[in-house]
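Below is one structure, written out as structure tokens; comments come after it.
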Amino acid sequence: MADADKSIYGRKVFFVGANTTFESQVVERLRLMEYEVYAINDYRKAKPYLRKYADSICFCIAESQLTLKGWHNFIKSFENENVFQPLDMGVILPPLPDGYSPDGTSEWVEGFL
């Protein structure tokens, strides 16, 4: 399905790596707005849920559990399985200092874009 034709209506939204604060401030507010939203605290439990609901939207919160490079690898691992083709993924990054790069290149964060 072309990106422009893909609707967000009726799709489940998952937040992977959500901490308690994020869950209470963001996830609960979206639920009150009647979105079908789920928080998966442990990234290792995400793939079974996302396989079951492959036509969902998933945001990875890259603040804990893995390094930024680890989150990048986790997200890229979804490209290897056809079942995840309908899945739309995004990443929520913590604020980074100007020019931050764990491997010394300024383009590293652009890998998420």
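A few remarks follow.
- All positions within segment 77-90 that are modelled with pLDDT of 90 or more, more than 13 Å from residue 55 (Cα to Cα) and either open to solvent by 90 Å² or more (accessible area, probe 1.4 Å) or of a type in the set (A, V, I, L, M) (or both): 79
- Filtered residues of segment 32-52 (kept if part of a loop (DSSP other than H, G, I, E, B) and either crowded, with 17+ Cβ neighbours inside 10 Å or of a type in the set (Lys, Arg) (or both)): 41
- Of all residues in segment 77-96, those satisfying the criterion of being of a type in the set (D, E, K, R) and farther than 23 Å from residue 19 by Cβ are 79, 81.
- Screening 64, 56, 24, 7 for residues that are out of contact with any helix residue (DSSP H, G or I) (no Cβ under 6 Å at 6 or more places or on another chain), hydroxyl-bearing (Ser, Thr, Tyr) and surrounded by 17 or more Cβ atoms within 10 Å (Cβ to Cβ) leaves exactly one candidate, 56.
- Within segment 57-70, the set of residues being out of contact with any strand residue (DSSP E or B) (no Cβ under 6 Å at 6 or more places or on another chain) and either assigned to a helix (DSSP H, G or I) or of a type outside the set (Val, Ile, Thr) (or both) comprises 63, 64, 65, 66, 68, 69, 70.
The values are calculated or read from the model by the stated rules, or taken from the named source; none is laboratory data. These numbers come from a predicted model, not from an experiment. Note that each Cβ is placed from the backbone with ideal geometry, even for glycine, and that neighbours are counted across all protein chains shown. The protein model used for the area step is the full one, side chains on, heavy atoms only, and it has no ligands, DNA or RNA in it. Shrake-Rupley method; radii C 1.70, N 1.55, O 1.52, S 1.80 Å.
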